[in-house]
Amino acid sequence: MTVDSGMPAATAGRRPASEPAETGDGRDAVVCHCRNVSVDFDSSEGRRRVLEAIDMDLHEGELVSIMGRSGTGKTTLLRVLCGLVEPGPGSVVTVRGQPLAGPPEGAVFVFQNYAASLLPWRTVERNVALGLEGKVSQEEIRERAAGALEAVGLAERAKDYPWRLSGGMQQRVQLARGLAMDACLLLMDEPFGALDAMTKTSLQDELQRVHREREPTVAFVTHDIDEAVYLSDRILVLSGSPATISDEITVDLPRPRDQLATKELPEFLQLRRRVYDAIVSDR
Amino acid sequence: MAVLVGFWELLVRGGVVEFDFLPAPSGIAAALASLAASGDLLPPLLHTLRSTIVGWVIGACAGVALGVWLGLSQRAWRYSMASIEVMRAIPPISLVPVALLVFGFSLRMELTLIVYVGAWTVLVNTIDGVRSVRPELLDVGRMLRMSRLRVVRSLILPAALPSVIVGLRLALSLSLVLAVVAQMIGNPAGLGNALIRAQQALQPEQMFAYVFTIGALGVSLNGALRYASTRAFPALAAGPTDVT
């Protein structure tokens, strides 16, 4: 219930202003920077460490998938980046150079459970407008909500209630809510996990298109190896208990990718194999 | 319903059941008509209606305000939870003699009871609604960096609304019950008192006429509230029953 908690989490790791969080080797700027991140949860048997010594950088415009067996803490890692879970002592998390203190500006979380995270008493367009209310003018809210709904192809369902839409459409509403916020960091927690195969592929292409047009940085948690290889620039594999990043796989398949052509490439199949091995080897 | 009434009429007319004071439905209808015509029905009806609604409104406002506060404030909840659990277990009817002793045969006694029962019912349902808001919704509020005020206004209160409305409807029925009981035992006015006087005057037709008037009043109050809440919150009326 304490919505206003989650105060300074990573102040111990505050960087001096003269040392910006960049890789320094001429690559894109680092949007999200994690060093030595750990997370502990209180359980009945005392404190249990879920994540340990996570080092990770997300670069501008990159789409990175986070994979691993069930219960390894993928979602927890994503929630740390969104300021919803406080990392343990000694963790350094910065988003665009700012140490994390609560949900960072420009970061938007797309929850797996779309039905529970859309407001059933609001129409689609008012759901999309939710995060903008009280921050920008009415007119701008309308424009940005309309633009976001246009971007996910739901402009004509603006006045409908979300529960009248199919699961895939509801998940697109959630994506639109993020786009309306002008998110530069999209944190997606198994966003297509609950959808049927056909809807899933069409939403993957939808995400790919939005990513190409608006170039947000995306951290994407998924169980689906094909999906991870198809969408990502990079795949991080979490394993162990407490979990740490055990493997990193760069996906250099050409873009734009195509559901049939890309998935038939020998490189795609090799990568798929490689990711599978990385996850399964976690014993 | 019509079959039941017809059956009742037949039983009484045919002499199958013979109680001294069980009138036939036709007799009750006649009594109701004559009461209405003589103007003896309207004043007690209006009195009961007025005290039920006034008491319910006061009780509901207090219940919603206090319920939102107790639901939101962890500390207030911790300190008051035990007393609420004990107090809510006391049947409000058992407080009728207490109120009678404290306030005497007065309108104050009647209204106090109605406000009390209304406030409790709304309070308990409001706390429940506010406290059982799904954590996913609160995560959405944090993630979108909404202010505390906006989280309460745009997420918590609308999510708690169905539960509050259930409380309001329960409270309205209970307010009518307490009004009638209070009038029967305490405050000498309204339909409850008229019912008792008909009983003591050995006028079963009139007595049943008052009973059915009270029933009709209850049904109309409930219907009016249901209509008002669907008009005021169309999304709620159209909404899915299984979400939140």
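Values in this text are rule-based calculations from the coordinates and carry no lab data. This structure is a prediction, so every number in the text was calculated from the model and none was measured. When we count neighbours, we look across all protein chains shown, and the Cβ atoms used for this are built from the backbone with ideal geometry, even at glycine.
Quick notes on this structure:
- Enumerated strands (runs of 3 or more DSSP E) restricted to segment A:25-95, each holding at least 1 residues that are among the aliphatic types (A, V, I, L, M), within 29 Å of A:Arg272 (Cβ to Cβ) and in contact (Cβ under 8 Å) with a residue 40 or more places away in the chain: A:30-43, A:46-59, A:63-68
- Residues in segment B:142-153 that are surrounded by fewer than 23 Cβ atoms within 10 Å (Cβ to Cβ), out of contact with any Asp or Glu (no Cβ under 6 Å at 6 or more places or on another chain) and assigned to a helix (DSSP H, G or I): B:Arg142, B:Leu149, B:Arg150, B:Val151, B:Val152, B:Arg153.
- Scope segment A:80-93; condition surrounded by fewer than 22 Cβ atoms within 10 Å (Cβ to Cβ) and more than 7 Å from chain B (Cβ to nearest Cβ); matching residues: A:Val85, A:Glu86, A:Gly88, A:Pro89, A:Gly90, A:Val92
- A:Ala176 vs. criteria in contact (Cβ under 8 Å) with a residue 24 or more places away in the chain, more than 29 Å from A:His33 (Cα to Cα) and under 22 Å from the mean Cα position of the chain (by Cα): no
- Subset of segment A:190-215 [in contact with a strand residue (DSSP E or B) (Cβ under 6 Å, 6 or more places away or on another chain) and crowded, with 23+ Cβ neighbours inside 10 Å]: A:Pro191
- Scanning segment A:122-131 for residues being crowded, with 22+ Cβ neighbours inside 10 Å and facing chain B (nearest Cβ under 9 Å) gives a total of 2.
- Test for B:Gly215: is it under 30 Å from B:Trp8 (Cβ atoms), surrounded by fewer than 20 Cβ atoms within 10 Å (Cβ to Cβ) and more than 14 Å from chain A (Cβ to nearest Cβ): yes
- For segment B:9-55, the tally of residues that are charged (D, E, K, R) and assigned to a helix (DSSP H, G or I) stands at 3.
- Candidates B:Ser106, B:Ser83, B:Ser163, B:Ser94 - the one that is more than 14 Å from every other protein chain (Cβ to nearest Cβ) and either touching a residue at least 12 places away in the same chain (Cβ under 8 Å) or surrounded by 15 or more Cβ atoms within 10 Å (Cβ to Cβ) (or both): B:Ser106
- Residue count for segment A:256-271, restricted to those that are loosely packed, with under 13 Cβ neighbours inside 10 Å, within 18 Å of A:Ser65 (Cα to Cα) and either among the acidic types (Asp, Glu) or free of Cβ contacts under 8 Å to residues at least 24 places away in the same chain (or both): 2
- Within segment A:180-211, the residues that satisfy the criterion of being of a type in the set (A, V, I, L, M, F, W, C), free of Cβ contacts under 8 Å to residues at least 60 places away in the same chain and either within 14 Å of chain B (Cβ to nearest Cβ) or part of a helix (DSSP H, G or I) (or both) are A:Ala180, A:Ala197, A:Met198, A:Leu203, A:Leu207, A:Val210.
- Extreme residue, surrounded by the most Cβ atoms within 10 Å (Cβ to Cβ), among residues of segment A:132-151 that are within 14 Å of another protein chain (Cβ to nearest Cβ) and assigned to a helix (DSSP H, G or I): A:Ala148
- Subset of segment A:98-115 [of a type in the set (Phe, Trp, Tyr) and either more than 8 Å from every other protein chain (Cβ to nearest Cβ) or not in a loop (DSSP other than H, G, I, E, B) (or both)]: A:Phe109, A:Tyr114
Conditions (1) within 10 Å of another protein chain (Cβ to nearest Cβ); (2) of a type in the set (A, V, I, L, M, F, W, C); (3) touching a helix residue (DSSP H, G or I) at 6+ places or on another chain (Cβ under 7 Å), marked per residue:
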| site | (1), (2), (3) |
| --- | --- |
| B:Val122 | no, yes, yes |
| B:Asp128 | no, no, yes |
| B:Val133 | yes, yes, yes |
| B:Arg150 | yes, no, no |
| B:Leu168 | no, yes, yes |
| B:Ser173 | no, no, yes |
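- Lone qualifier among A:Leu118, A:Leu154 - being within 11 Å of chain B (Cβ to nearest Cβ) and buried (at least 19 other Cβ atoms within 10 Å of the Cβ): A:Leu118
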